[in-house]
Each structure stands twice: as C-alpha cells, then as structure tokens.
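Heads up: the structure comes next, in structure tokens.
The values are calculated or read from the model by the stated rules, or taken from the named source; none is laboratory data. These figures come from a predicted structure and were not determined experimentally. All Cβ positions, glycine included, derive from the backbone under ideal geometry; neighbour counts span all protein chains shown. These area figures cover heavy atoms from the full protein model, side chains too; ligands, DNA and RNA do not enter into them. Shrake-Rupley method; radii C 1.70, N 1.55, O 1.52, S 1.80 Å.
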Amino acid sequence: MIKKAMTPGAPQRRPVRDGLAHVLAEASGACGDLGTFLPYVVLVLVAGLAAPAPVFAGFAVAYLMVALVYRLPIAVQPMKAFGVAILTGTVAGVEIAWGGALLGALLVGFACTPHLVRAARAIPQSVVTGLQAGLGLLLGALALRMIGGQWLLGAAAVAVLALSFVLPRGPWALLLVVAAVAFGPLLGDGLSAPGSTLLAAGGAAGSTAHAPSLLDAVTFGVLPQLPLTLLNAVVVAAAVARSLHGDAAQHVGERRLAATSGLVNLAMAPLGALPMCHGAGGISGHHRFGARGMLAPLLLAGLCAAAALSGDAVVELLARIPAPVAGALLLYAAWDLAFSRRLFDARPDCRPVIAATALGTFGLGVLPGFAAGLAAEAVRANIARRRAPAGRRRP
C-alpha cells in the first residue's frame, strides 16, 4: 500500500521542481543585462540629472511591451550615445525629452517603410557579424574599466558567473546581484563612486560651460545615436535574437524592433524617461543566464514598476552594487556578443571582412566600422569574382 501511494505522487512533484527551475532561470536571465543597464541609469539618477519615478516607469512600460509583443527576453537599454551626452552635461532637462521624442519619431518613420528591411537585409552577413564582434569588444573594454583596480572582486564575480558554463540555466546572475546588494558596502566602491564607470574619462555631469539647447540635443544626442540604434538595436539585435532563439524569434524583425523602440520613446521620453532602445548585447546577456521566454521581461517590468514607486530609496539600493560586479555581468554579455555562432561558422574568405569591421568599430566607432566592413566586403567580392573562372576550369 505504501509503495502504491508513493508512486502516483512522484510525477506530481516533478512539474513543481521543473517550474521552480524555470522561474529561477528566467529570474537569473533577467539580471543578465544589468551590466549595461545599471551604470547609465544609476549614475544619471545619483547625479540628479533625472527623476527616478519617470525613468523606471519608462523601463517598466518598455519591458511590458517586450513581453506582450515578442514573448522573448528582448533587452531594453538606455541609449548609450545619448546617455553620454546626458552624463557629460551636454544635454539636460527638456532637451532629453525632445531628443528622445525626436529619436522615437524617426524610428517609427523607419519602421513604416519597407526600405528599412531592404536596407538591413542588403547588409552582408560578414559585416553584421563584424559589427556584432566590434560592439562586443567595446562592451568588453567597458567591462574591464568597470572592474578597474578591484581585480580580486571582479575575478570572484566572473568565477561565479562562469558556473553558467557548467549549469547554463542556474540562477548565477541572480545570486550575484542579490549578494552584491546585500554585501556591497563591504566589498568595494559602488556604482555611484567617482570614476567607477566608463564615463569617468568623459567628464562630469554639468561640466559644459554653456546651457544645453535643443540644437545640442540634436547635435550631441540624436545624430550620434541614430546610426548606432539602427545598426546595434535594429539590424544586429534582430540577427542576434534569431541566432539565439531560432524559430521562436522569427517575428523579431528589423521593422518591428524599430517600431517598438520608437513608440516607447515617443510615449515616455516627454514624461521624463531616458531615451531607450533594444540592444544586441543585452539580448545575449539575458540568454546567457537562462532567460528564454516572456517571464524575464515581465519580471523586469514588475521590478521597474516597484522601483518607480520607491523613488530615491531604489537609487540608494542599486548604488550599493560594486562596479566590478556590474562589470563582470557586462563582460559575459560582451563575450556572447563578440563570439557568436556566425563568427565560427563564417567562411575563411569572409573572416578578413569580419576582422576589418570589428576592429574599425572597436577603434573608431560604429559608422567607421560599418564603412570599413562594406569596403572590405567589396574587395572580397571582387577577388571572388576574379577567381571564379579559374576555379571552374580546374578538373
């Protein structure tokens, strides 16, 4: 009787364990993009350049939209070029709102035309792979600067995250973030400490000698950000999502990514949110630490909504996370972005194109890297055409 009573119970407990493992993996994956998210958001808030309620409300709305539209962990990040302009004092106040809304309108305009998809699909895969690798190298360099002189703490954080290679869907990122918040003051300087991020070399907030204007918002915010968003947050992000999630990401297209980025900025930037976009590195980070479905963005939407209601208290909490811990999270996202499957599957004649694009992006920026990649691809294609007839004559 005992044996019969226990047998039916075994299958009933299994789904509970599987369900708990799924939730933990999604929660861990939700933390996978904090290395990109935290430095910009915390520094902007700690410096008093934006109010926490509208900033976190903007991310809550964006992640809720991601969960409903994509049903996948598609990252939402602060716009990096625009974030630099904010943190260096070049853009402030109403200029942030106008700049974010203008970027949103431009992205919606791109999404409304099929020319965006045609242009995106005309870009050679070797160039897209090189852009992806170059952006990964940029994020990796940022991660190493965040780790800075606290190499022991950074190495320990990296070692914890390395457990994801043994148990890929373990809650390693979640455990690391919880430990960092709990013991941050004992471990080292937090994200709010001077010089703890990539932006320390770029100047301090309010360092400009003139009052920001709408022209500054366009010149220093919109113009540098737009090509970066179109390439990294639309073209490369779509490629990364399809590479990592396969058939589940067939609906993650370039026009849809442009549309969701544009709409959330049009709706939320005028209310005080930071300009936001999707990020290829963030998609890799979410996936690396276990996120596979819509639960991760739903969790992030809930956490951001709670943070918006908490106000300044959440800023003090996040500022406790040591910069090397955020750097370790960013380093893993950079690794996944730089060393993608396309990099290893590329044909030998495409690898010089990938290298030229990656090195150009890393050394000079996204647009010069893109131009270098197109030039290298043109040279490769020309050489291939010249060699083709000789190859056909061989027995």
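Taking semi-axes √(5λ) of the Cα gyration tensor in Å as the quantity of interest, determine which of (1) 33, 30, 21; (2) 36, 24, 20; (3) 48, 26, 19 was computed from the displayed structure.
Recomputing semi-axes √(5λ) of the Cα gyration tensor in Å here picks out (1).
Taking amide H positions as placed 1.01 Å from N in the peptide plane, with prolines and chain starts having none, which residues 5 or more places from V252, or on another chain, fall under 5 Å of its amide H?
It is none; the list stays empty.
Out of residues 5 or more away from M276 or on other chains, whose amide H comes under 5 Å of its own, with H placed 1.01 Å from N in the peptide plane?
Amide H neighbours of M276, under 5 Å, 5+ apart: M79.
Output the DSSP H helices from the chain with an along-axis C-alpha extent of no less than 24 Å and a mean Kyte-Doolittle hydropathy no less than 0.0.
Result, helices passing both filters: 52-69, 94-111, 125-147, 366-393.
Using 7 Å Cα-to-Cβ label points, what is the A159/R351 separation (nm, one decimal)?
With each label point 7 Å from Cα toward Cβ, the separation is 3.4 nm.
State the percentage of accessible surface on the chain attributable to carbon and sulfur atoms; use a 1.4 Å probe and exclude ligands, DNA and RNA.
In the chain, the share of accessible area belonging to carbon and sulfur is 70 percent.
Name the residues whose placed amide hydrogens come within less than 5 Å of the amide hydrogen of A75, ignoring near sequence neighbours (fewer than 5 apart) on the same chain.
HN-HN under 5 Å from A75: G279, I283.
With every protein chain left in place, what is the accessible area per residue of the chain in square angstrom, probe 1.4 Å?
44
If I stretch the segment between L271 and V166 completely, what's the gain in nm (0.36 nm per residue apart, minus their alpha carbon distance), one decimal? Present the calculation step by step, with values, prior to reporting the outcome.
Working: separation 105, 0.36 × 105 = 37.80 nm, distance 4.39 nm.
That pair, L271 and V166, stretches by 33.4 nm at full extension.
With a cut-off of 8 Å between alpha carbons and a minimum separation of six or more residues, what is the relative contact order of the chain in percent?
Relative contact order of the chain: 38 percent.
Under the 0.36 nm per residue contour assumption, what length would be gained going from the current alpha-carbon distance of V379 and A122 to full extension?
On the way: separation 257, 0.36 × 257 = 92.52 nm, distance 1.65 nm.
Here the answer is 90.9 nm.
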